[in-house]
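**Q** Attaching a single structure in structure tokens format; questions to follow.
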Amino acid sequence: MERNNKINIRVKNISKKFCRDIRNNLWYSFQDVLKKQIGISIRSNRLRPKEFWALKNITFDIYGGEVTAIIGMNGSGKTTLTRIMSDIFQADQGEVIIADKLKITPIFALSAGLRPLFTGRENIFIKGAAYGMDKNTLENKINDIISFSEIGDFIDTPVGSYSSGMRSRLSYSIAVATHPDIFIIDEALAVGDSIFRTKCFEHIQNMIQDENKSVIYVTNHIDKVLRIAQRLLVLDKGELVKDTRDITEGLLFYVNHCFKGQSLERKNKLLDLVNQWGSDE
Amino acid sequence: MVLEQYKYTKFIQVRIRTYICLQMKSILEYKFFIYQLTRVSVLARFKKTRLGLFWMLLSPVLTVVVWVILHNAGIFNPGDTGLAYPAYVLFSSTLWIFFFEAYKSVSESVTYHSKILLSHPIPYGTVVLERIGFHLMNFIVPLLVNIPVILLYGGKLGWTSLLFPLALIPLLLMGVSLGMFVAVLKVVAVDFSNAMDEIIKVVKYLTPIVYATHADLGFLSQIVKWNPLTYLLGFPRDLMLCQGWDLFLPFLYVTFLVVILFFLAWRFYSISSPLLVERLFGN
């Protein structure tokens, strides 16, 4: 998928393995900790008993000026991949190369880091600090965050009393205030009201007008991909099975390839949705 | 444009020393986050309780009650403590709690902050520093309560008492170091961390808390003599209560060992911590 824009992230032969069994997982972890202490590399392409590849040999580039959607069934490795790209997980094989001085803001679970006993205003400082913002920056941005979140007078109410939509709005607004160069959104817009969601999609589209900025949008919702993506990566059982800029074609492939064994009715419904959007476009 | 025209950062394995230096640097960039987390942890503790600070005093007060009863019943001879027994036990117990809570807080750093570690790429050292900050804030009130109690029981404070906070640093480092080892083991080797918790509980009775440093304990006296906590806890206590410098030299030796232990623990924690997050799902 060559493109003329700047490459912001290069994902090169990334593989990641996990273990299905908790006891084995702990034992392997213990071994890995000891190996790392004495300088033995734990990066290996061999699976130990009960391990499996959550990601296998994934390679792609992320370009500036576009929204790249990553779609796949549950357990296909989408979140693991974005956690590796965000430097939260370490890969067992391969490497992620990030353009220098680019700021990555990942949002995974929107409510993570919010403290229910504290007010929305206090939480802006808590979660904002987790994104690496300092006190002065947050004081300068707090009005923009409150305004974007549309929380209104509830901003001085404990977050524990917020609805899930309000929490999502607050969290998303804090993440937006970091002004990231690479914005990784993992299923984060699945909740919240439709008006706010539309506002977020507009914000994402505005963001990528800057050719240096990229958005990586992880989901398994076809309609959201159709709405915002310019490029589609399809993951299936840890493997990258499709990389395309023809979103309709990519989604048809996704439904046909990944929904094998699913009910025909559900599959046809999804195919209709994609085809209908394709003809509208 | 092509990739090579830009400077790029690689998320790959670097030399261990470089990795630890990078960790230290990024911790400094997150100092406001550490402050916020500490503030939130301290305030959250009191937001749901009406009795608030009382719970921080309960443990040392209960220890005093139990040991004073045993002492008055003649079951137990603590030796020459140099201060009225209730005040001695209260103060010593406070110091033990200072050590034990430092250990416990830091050992829970990864599991306690698992959600935030799974969703934000923050340096792991930040959660250790937050736990230390939280622990120090919790310690201030019980420590201040000790001062009037010591004076009430006829103890005296002098210029050496001013050195007391400095002398506490090695005891803090000891707790933090053990905590950092156990923080990793708590995720990957639960049996080891449980064993460590139990060992520390036993060590409490082999440390001069409810008896004097030189009390005659029979065969246990030798174990107490070789226990580093005897000096890490005993010397600051002697400074505070103006009871002389007898323990200074062994305290210095033990401090030297504790500093080495701390650097080993920091290295262990820094190198192992990136492996921990993905294992938190299994815990």
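**Q** Would you point out which residue out of B:256, B:268, B:262 is surrounded by fewer than 17 Cβ atoms within 10 Å (Cβ to Cβ), within 21 Å of the chain's Cα centre (by Cα) and in a helix (DSSP H, G or I)?
**A** Step by step, each of B:256, B:268, B:262 is checked, and only B:256 is surrounded by fewer than 17 Cβ atoms within 10 Å (Cβ to Cβ), within 21 Å of the chain's Cα centre (by Cα) and in a helix (DSSP H, G or I).
**Q** For segment B:193-225, how many residues are surrounded by fewer than 14 Cβ atoms within 10 Å (Cβ to Cβ), closer than 26 Å to residue B:183 by Cα and among the hydrophobic types (A, V, I, L, M, F, W, C)?
**A** Residues that pass the stated criteria total 3.
**Q** Any residue at all in segment B:156-179 that's touching a Leu at 6+ places or on another chain (Cβ under 6 Å) and closer than 20 Å to residue B:37 by Cβ?
**A** no
**Q** In contact with a Phe, Trp or Tyr (Cβ under 7 Å, 6 or more places away or on another chain) and surrounded by fewer than 22 Cβ atoms within 10 Å (Cβ to Cβ): which single residue out of A:157, A:178 fits that description?
**A** So the residue among A:157, A:178 that is in contact with a Phe, Trp or Tyr (Cβ under 7 Å, 6 or more places away or on another chain) and surrounded by fewer than 22 Cβ atoms within 10 Å (Cβ to Cβ) is A:178.
**Q** Could you count how many residues in segment A:46-59 are on the phi < 0 side of the Ramachandran plot, surrounded by 12 or more Cβ atoms within 10 Å (Cβ to Cβ) and of a type outside the set (Gly, Ala, Ser)?
**A** Here is the first cut: in segment A:46-59, the ones on the phi < 0 side of the Ramachandran plot are A:46-49, A:51-56, A:58-59.
Among the residues that remain, those that are also surrounded by 12 or more Cβ atoms within 10 Å (Cβ to Cβ) are: A:47-48, A:51-56, A:58-59.
Those left that are additionally of a type outside the set (Gly, Ala, Ser): A:47-48, A:51-53, A:55-56, A:58-59.
Summing the residues that are on the phi < 0 side of the Ramachandran plot, surrounded by 12 or more Cβ atoms within 10 Å (Cβ to Cβ) and of a type outside the set (Gly, Ala, Ser) in segment A:46-59 gives 9.
**Q** Here is a follow-up. Out of segment A:123-141, which residues are surrounded by fewer than 20 Cβ atoms within 10 Å (Cβ to Cβ) and more than 8 Å from chain B (Cβ to nearest Cβ)?
**A** A:136, A:137, A:139, A:140
**Q** On to the next question. For segment B:244-280, give me the residue count where each residue is farther than 30 Å from residue B:81 by Cβ and without any contact (Cβ under 8 Å) to a residue 40 or more places away in the chain.
**A** 3
**Q** I would also like to ask the following. Yes or no: segment B:101-115 includes at least one residue that is under 30 Å from residue B:29 (Cβ atoms), assigned to a helix (DSSP H, G or I) and without any contact (Cβ under 8 Å) to a residue 40 or more places away in the chain.
**A** yes
**Q** Shifting gears a bit: Pick from A:94, A:120: which is buried (at least 18 other Cβ atoms within 10 Å of the Cβ) and without any contact (Cβ under 8 Å) to a residue 60 or more places away in the chain?
**A** Going through A:94, A:120 in turn, the sole match is A:120.
**Q** For segment A:20-48, give me each residue that is polar (S, T, N, Q), more than 18 Å from residue B:189 (Cα to Cα) and in contact (Cβ under 8 Å) with a residue 12 or more places away in the chain.
**A** A:44, A:45
Here, each number is a calculation from the coordinates, and none is a lab measurement. Owing to the predicted nature of the structure, the values given are computational and were not obtained by experimental measurement. Cβ: placed from backbone, ideal geometry, glycine included. Neighbour counts: every protein chain shown.
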